[in-house]
Amino acid sequence: MSRYRGPRFKKIRRLRALPGLITRFQYSKIKKENKHIPFRKKKKEYRIRLEEKQRLRFHYGLTERQLVRYMHIAGKSKGSTGQVLLQLLEMRLDNIVFRLNMASTIPGARQLVNHRHILVNGHIVDIPSYRCKPRDIITTKNNERFFNLIRKPSMVTHLSISKNYKAKNFKGQVNKIIDRSEVFLGINEFLVVEYYSRQI
């Protein structure tokens, strides 16, 4: 299955807030609209697990095959499978660029990476799924037009951020592997693991 390119708001209204898929202004607007949701029937267990999996997939912009591959890697790793899965997804280059506020959404960050605007440790990386490691330095090209598009950095504890106004570039460093408490997306990762434990 190819990457989803349909209407985003339709998916967000159905799957609840996905902060990586829309800008912060749109996110606050949807939160206000979702206050008056009519009463629905009790959901079945399979549907609850499926919706959590779909939320994770659409938030990070993954295909089903990619998510299954991440599940296999997380299952073979030491520690809780759900937490390792979230760490793998959070350490993707497109997500790091989004967390550094170089782009307002994860799809926007993926586009910057694909268009070769992002450098990791001084080398151009055009693969959005590139797995960043602690002490990696993420910078942008020395491009004034691109520099004006970058937003103000947010407070993220596992990333350190600095702007060099003379060189017109943006620099961030990955300090550590992200903790579960710092994940923006409010999700129960154990439901995703349960979903795949019955599927794989």
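Key figures for this structure:
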read-out	value
Test: residue in the range 99-118 that is modelled with pLDDT of 90 or more, under 19 Å from Glu194 (Cβ atoms) and among the basic types (Lys, Arg)	no
The range 189-200: number of residues that are exposed (fewer than 14 other Cβ atoms within 10 Å of the Cβ) and either under 14 Å from Ser80 (Cα atoms) or hydroxyl-bearing (Ser, Thr, Tyr) (or both)	1
Unique residue being of a type in the set (A, V, I, L, M, F, W, C), in contact with a helix residue (DSSP H, G or I) (Cβ under 8 Å, 6 or more places away or on another chain) and surrounded by fewer than 21 Cβ atoms within 10 Å (Cβ to Cβ) when the list is Leu88, Leu56	Leu88
Residues of the range 59-77 satisfying the condition of being more than 16 Å from Arg131 (Cα to Cα) and surrounded by 21 or more Cβ atoms within 10 Å (Cβ to Cβ)	His59
Any hit, the range 123-133, residues being under 16 Å from Val183 (Cβ atoms) and either surrounded by fewer than 16 Cβ atoms within 10 Å (Cβ to Cβ) or of a type in the set (Asp, Glu) (or both)	no
Any hit, the range 146-160, residues being of a type in the set (S, T, N, Q), modelled with pLDDT under 85 and surrounded by 13 or more Cβ atoms within 10 Å (Cβ to Cβ)	yes
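The values are calculated or read from the model by the stated rules, or taken from the named source; none is laboratory data. Owing to the predicted nature of the structure, the values given are computational and were not obtained by experimental measurement. Cβ sites come from the backbone with ideal geometry, for glycine too, and all protein chains shown count toward neighbours.
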